[in-house]
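Here's the structure we're looking at; comments come further down.
The values are calculated or read from the model by the stated rules, or taken from the named source; none is laboratory data. All values derive from a computational prediction rather than experimental measurement. Every residue, glycine among them, receives a Cβ derived from its backbone with ideal geometry; neighbour counts consider all protein chains shown.
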């Protein structure tokens, strides 16, 4: 009985985190972007500094008519938002937040599971782009595919470097093996992982697939109401997952300068929040990369860097053995 | 000594975790289903032919949406498949390469492996595959 309760509590916690963290991040993005651009951002909804703006948005989205274009592939079009969103929920369950058993579920092949499931999210955008029967959506979908193919590889290689350092694929296991000097040791891999993750999420400066000035909103052009909201939620959930993963793999997760026992989850959340801030910051400060520049960056910069990181990890690891 | 039944139990424990993942997937599907049904109950449905028209900057769409387009990155796609399949093999290796008894030999093997990948990448680079025009 207590086992069932335990699992239920863990699943509920993961689900609540999945619903709440992206909203917090969304509101933060409104405000951080506003202040970086010298304006106020939403100020009315909810009274205090527009804290309820996203709730107001949700109400608006829920009331909007759901339009499926006459020419679209109806079933696929309707299912695409779910495919884009659900993988992020599944990934959250294996991310450890504190020491001991403060994790949704121990998965032995954690890194592997995470990378595999994250790839499915992109499939949602592809489905949307193809099923819309819209030229702009199709272009957006194809660009998404190009981005996935360019950036999955550096991400994979950078993650492999951490797995080599720790000698395990399990995320809690990696944190057990972590020492502070891993941060400078794996820093190149960390940067590659984070950059590649941004590109996979189609966040600026890698937002070519949704470039509004040329292809309207890419694969999501034809979406309205609730389904559009789910795509937006997927984007923010993706940022949360990417930042949490970078934290766990490269920044030591729940390890902190002090108080690792009681403050573990606080450190994890703090590092994740800091990375999320950087994601928003990058959106405000960098112009969009062109599609060929994107590919070139991945193949001529990130992949060689990731390979070099693997070599470095291998040599150091064997030497210190 | 591990017995056969112990091995079976080990394997069963190993896959136990995925039952929770499966449960969470069910929770997620339920969430989506509830959201879609609730959305259907809440929103208005007043379709008109104009609304259902494909949106292309406000002009009536010309031709089919599934238009022909040149996928310029198909060579990248091949590259990706080759490299990704290679890299998958890094993971099982990564968990054991520094274990006692492996040491230097596996390190040399790793450099050979990386050498293959690097030469492949250099070849593609020299061939001009990574230029996009």
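Structure notes:
Residue-wise test of (1) over 21 Å from residue A:117 (Cβ atoms); (2) touching a residue at least 60 places away in the same chain (Cβ under 8 Å); (3) surrounded by fewer than 22 Cβ atoms within 10 Å (Cβ to Cβ); (4) more than 19 Å from the chain's Cα centre (by Cα).
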position	(1), (2), (3), (4)
A:184	yes, no, yes, yes
A:198	no, yes, no, no
A:203	no, yes, yes, no
A:213	yes, no, yes, yes
A:220	yes, yes, no, no
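- All positions within the range A:264-274 that are surrounded by 22 or more Cβ atoms within 10 Å (Cβ to Cβ) and in contact (Cβ under 8 Å) with a residue 60 or more places away in the chain: A:268
- Qualifying residue in the range B:66-80 (condition: more than 30 Å from residue A:116 (Cβ to Cβ), at the interface with another protein chain (Cβ under 8 Å from one of its Cβ atoms) and without any contact (Cβ under 8 Å) to a residue 40 or more places away in the chain): yes
- For the range A:154-163, the set of residues classified as in contact (Cβ under 8 Å) with a residue 60 or more places away in the chain and either surrounded by fewer than 23 Cβ atoms within 10 Å (Cβ to Cβ) or more than 9 Å from chain B (Cβ to nearest Cβ) (or both) consists of A:154, A:158, listed by residue number.
- Single condition residue A:136 does not satisfy, out of (1) out of contact with any strand residue (DSSP E or B) (no Cβ under 8 Å at 6 or more places or on another chain); (2) under 24 Å from residue A:227 (Cβ atoms): (1)
- Exclusive hit being within 10 Å of chain B (Cβ to nearest Cβ), more than 30 Å from residue B:49 (Cα to Cα) and modelled with pLDDT of 85 or more, set A:20, A:117: A:117
- Hey, residue A:122 assigned to a helix (DSSP H, G or I), within 9 Å of another protein chain (Cβ to nearest Cβ) and buried (at least 24 other Cβ atoms within 10 Å of the Cβ) or not: no
- The range A:222-253: number of residues that are within 13 Å of chain B (Cβ to nearest Cβ) and under 8 Å from the mean Cα position of the chain (by Cα): 1
- Test result for residue A:82, in a helix (DSSP H, G or I), modelled with pLDDT of 90 or more and within 19 Å of the chain's Cα centre (by Cα): yes
Per-residue answers, yes or no, for (1) exposed (fewer than 12 other Cβ atoms within 10 Å of the Cβ); (2) part of a loop (DSSP other than H, G, I, E, B); (3) within 8 Å of another protein chain (Cβ to nearest Cβ); (4) in contact with a strand residue (DSSP E or B) (Cβ under 9 Å, 6 or more places away or on another chain):
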site: B:54; (1), (2), (3), (4): no, yes, yes, no
site: B:61; (1), (2), (3), (4): no, yes, yes, no
site: B:84; (1), (2), (3), (4): no, no, yes, no
site: B:92; (1), (2), (3), (4): no, no, no, no
site: B:97; (1), (2), (3), (4): no, yes, yes, no
site: B:102; (1), (2), (3), (4): no, yes, no, no
site: B:107; (1), (2), (3), (4): no, no, yes, no
site: B:112; (1), (2), (3), (4): yes, no, no, no
site: B:122; (1), (2), (3), (4): yes, no, no, no
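- Scanning the range A:306-315 for residues that are surrounded by 18 or more Cβ atoms within 10 Å (Cβ to Cβ) and either within 7 Å of chain B (Cβ to nearest Cβ) or under 16 Å from residue A:196 (Cα atoms) (or both) yields A:306, A:307, A:309, A:310, A:314.
- Of everything in the range A:100-113 that is buried (at least 23 other Cβ atoms within 10 Å of the Cβ) and within 23 Å of residue A:198 (Cα to Cα), the residue that is farthest from the other protein chains (Cβ to nearest Cβ) is A:110.
- Checked against (1) facing chain B (nearest Cβ under 10 Å); (2) at pLDDT 85 or above, residue A:146 passes all but a single condition, namely (2).
- Residues located in the range A:125-143, provided they are within 10 Å of another protein chain (Cβ to nearest Cβ), touching a helix residue (DSSP H, G or I) at 6+ places or on another chain (Cβ under 8 Å) and either farther than 30 Å from residue A:307 by Cα or surrounded by 24 or more Cβ atoms within 10 Å (Cβ to Cβ) (or both): A:130, A:131, A:132, A:136, A:137, A:138, A:139, A:143
- Subset of the range A:281-305 [surrounded by fewer than 19 Cβ atoms within 10 Å (Cβ to Cβ) and over 30 Å from residue A:166 (Cβ atoms)]: A:283, A:284, A:285, A:286, A:287, A:288, A:289, A:290, A:292, A:293, A:296
- Residues being more than 7 Å from chain A (Cβ to nearest Cβ) and more than 14 Å from residue A:81 (Cβ to Cβ) - total across the range B:19-33: 4
- Taking the listed residues A:71, A:41, the one that is in a loop (DSSP other than H, G, I, E, B), modelled with pLDDT under 85 and within 14 Å of chain B (Cβ to nearest Cβ) is A:71, with no other qualifying.
- Restricting the first member to the range A:1-17 and to residues that are on the phi < 0 side of the Ramachandran plot, and the second to residues that are modelled with pLDDT under 85 and part of a helix (DSSP H, G or I), the beta-carbon pairs closer than 9 Å and six or more apart or on different chains are A:7/B:19; A:7/B:20; A:10/B:20; A:11/B:20.
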